[in-house]
Structure formats: structure tokens, C-alpha cells
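Accompanying notes for the structure given below.
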Amino acid sequence: MSTALKNKITQRLSKMDATELKQAWLIINEIGQDKRIPVIVDKAKLEQQLAKGIRQLDKGEGTDMHSFVTGLKKKYGSR
């Protein structure tokens, strides 16, 4: 992963409060246990997808964490 991309991710994470970080961790942990999700082995493609997501967030096209978590809770249930 490029240094610039790592720095952007670090900046985004540093702006999250403890609750948002915990929710993000739980989501990532839950997704990681789902064996139906394909493993991305093409590092260049993954970096492009992450960069695209960051550009979308920079333009305000993202979903806020509360809405995202609420949607996941509706779909998968609350823990």
C-alpha cells in the first residue's frame, strides 16, 4: 500500500472517536469472518479501490458511520 494512502487512512482513523473506532473494528471483524467474501490478491486493484473510496469521501459522497452501522444492524442484527 502506498505511503500516501496509509497516511490518509491514518488521518481518517485519528478523527474517529472511541465509539466509532469500536464500531468500525466490530464491522471489520464480522466481515473478516464471512468466508463468502473473496480475498483480493491484486494489490494494485485494492489500492485503486481504496483511493477511489477516499476520493469519494473527500467529495462528501460517503455515508456517515452512524447510518452505515444502523444499516448493518438492520441487515445482520445487533450484537
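Go through the stretch 58-79 residue by residue and tally those that are in contact (Cβ under 8 Å) with a residue 24 or more places away in the chain and surrounded by fewer than 13 Cβ atoms within 10 Å (Cβ to Cβ).
2
Just one of the numbered conditions (1) over 16 Å from the mean Cα position of the chain (by Cα); (2) under 24 Å from ALA4 (Cβ atoms); (3) modelled with pLDDT under 80; (4) not hydroxyl-bearing (Ser, Thr, Tyr) is not true of LYS59; which one?
(3)
Across the stretch 1-18, which residue is nearest to HIS66 (Cα to Cα) among those that are hydroxyl-bearing (Ser, Thr, Tyr) and under 15 Å from the mean Cα position of the chain (by Cα)?
Among those residues, the one meeting the criterion is SER14.
If a residue has to be closer than 15 Å to ARG12 by Cβ and of a type in the set (Lys, Arg) to count, how many in the stretch 42-79 make the cut?
3
Taking ALA44 as meeting all but one of (1) loosely packed, with under 10 Cβ neighbours inside 10 Å; (2) assigned to a loop (DSSP other than H, G, I, E, B); (3) modelled with pLDDT of 85 or more, write down the number of the exception.
Only one criterion in (1) loosely packed, with under 10 Cβ neighbours inside 10 Å; (2) assigned to a loop (DSSP other than H, G, I, E, B); (3) modelled with pLDDT of 85 or more is unmet by ALA44, namely (2).
Step by step: first the residues of the stretch 12-41, then only those that are modelled with pLDDT under 80 and outside any helix (DSSP H, G or I), then the one that is farthest from GLY77 (Cα to Cα). Which residue is that?
VAL41
The values are calculated or read from the model by the stated rules, or taken from the named source; none is laboratory data. Because the structure is predicted, anything quoted here is derived from the model rather than measured. For neighbour counting, all protein chains shown are included, and Cβ atoms are generated from backbone atoms with ideal geometry for every residue, glycine included.
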